[in-house]
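Readers should treat all values here as calculations from the given coordinates under stated rules, not as data from a laboratory. The model shown is predicted, which means the values in this text are computed figures rather than measured ones. Backbone-built Cβ (ideal geometry, glycine too); neighbour counts: all protein chains shown.
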Amino acid sequence: MSSGRLNRIVDHAVADLTVTVEAGVKLKDLQAILQPHQQFLPLNPLYHDQATVGGIMATGCAGPWQQRYGGVRDLVLGFSFVRWDGQLAKAGGRVVKNVAGYDLMKLFVGSYGTLGFISQITFRLYPLPSHSQTVFLTGDTSQLAELSQALRRSGLAPTAALICSPALVQALNLGEELGLLVRFQNLEPVVQAQIDEVKKLAQTLTLASQSFDNQAESELWQRWENAMAGQGTTETILCKFGLLPAKAADFLQQLPGLGHVQLGNGIGWVRFGQLDREKLNQQRQICQNYGGYVTVLEASPECKKHWDVWGQSGHGLAMMGRLKNQFDPHNTFSPGRFVGGF
């Protein structure tokens, strides 16, 4: 099934900062409609020019703005879906303060279409920030890790904060060492005050800093998008991983690929060139030692056929099986697509 023709804006409550859209609406088209109202949906996953809102909800991929605005599940207020028997069901509502019924939104986000066919979604919106600026910091790994810890404990509110592997820093034309990208978006005085605070922290740790705004900032984040999407590179394998945020710098320092970790939650992405099963298991073991996981998102069909793309499944498989049986008893939706063969 395809949601390609489910491409209507159902309702935009400008005053309430909510929008209801069909699942096939592309994120870039939705942002263009919201922009004249000085509003936006704070999601910026990879391939955002191609991504549909239904696909974003199904995969749970939010992007770097998750640092400030939370994940997909924090932005979905309600949705409709087609059940296994063809009946239309819905959960949540169209208002921000909605507390009625079961919170199925959190269950369906990241379920990869295995529980039902998402047809319509209501999102929470935010005012479009008037000013944006990014600061890049680099230096000794231990000092960068200390700065990361200090930022997590501070009262600063970055829109995005990514610890970047040396290979990614090189792809961004910013050097060859481990680096930290921190982006602030707000009123200009607020942004400048926070940038100054970050630079002051960096100076005490003898870290180098460089600021980007206006066109230079746009070009920087476009280079990030191009690198992580694999444009102009031979890195064809994309993995998502998670680990304890305090271990991010150590993990990225040894990472043989274009990778980054979100400062706030330890979720990261890495694009590899050559990666066999042995090297994949090696990276998985390192991540697991740091309390994390590695999931293969993009690889050749041959690789996916022979690899365990999901890796460690944790202790929730039995519960997941009962949920799958409850929502899709005949295994109609995306059979075998999810972890554990669900």
Rank these for me by crowding, Phe40, Phe333, going from fewest to most other beta carbons within 10 Å. Phe40, Phe333
Can you give the relative contact order of segment 9-127 as a percent, counting alpha carbon pairs under 8 Å and 6+ residues apart? 33
Can you give me the Cα centroid spacing of segment 206-246 and segment 142-201 in angstrom? 12
Give me a comma-separated list of calculated 3J(HN,Hα) values for segment 21-33, in order, Karplus coefficients 6.51, -1.76, 1.60 applied at θ = phi - 60°, integers in Hz, x for any Gly or Pro. 9, 6, 5, x, 5, 6, 4, 5, 5, 5, 4, 5, 6
Computed about the Cα centre, the charge dipole of the chain from +1 Lys/Arg and -1 Asp/Glu charges at the Cβ has a magnitude in debye, to the nearest 20, of 1040
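By counting other Cβ atoms within 10 Å of each Cβ, how are Val169, Val14, Val261 ranked from fewest to most?
So the residues, fewest neighbours to most, are Val14, Val169, Val261.
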Residue-by-residue Karplus 3J(HN,Hα) for segment 6-19, coefficients 6.51, -1.76, 1.60, Hz, glycine and proline x: 8, 10, 9, 8, 7, 7, 10, 8, 4, 5, 8, 6, 9, 9
Positive end of the charge dipole of the chain (Lys, Arg +1 and Asp, Glu -1 on Cβ, about the Cα centre): tell me which of Phe342, Gln288, Leu30 has its Cα farthest that way. Phe342
Can you give the relative contact order of the chain as a percent, counting alpha carbon pairs under 8 Å and 6+ residues apart? 16
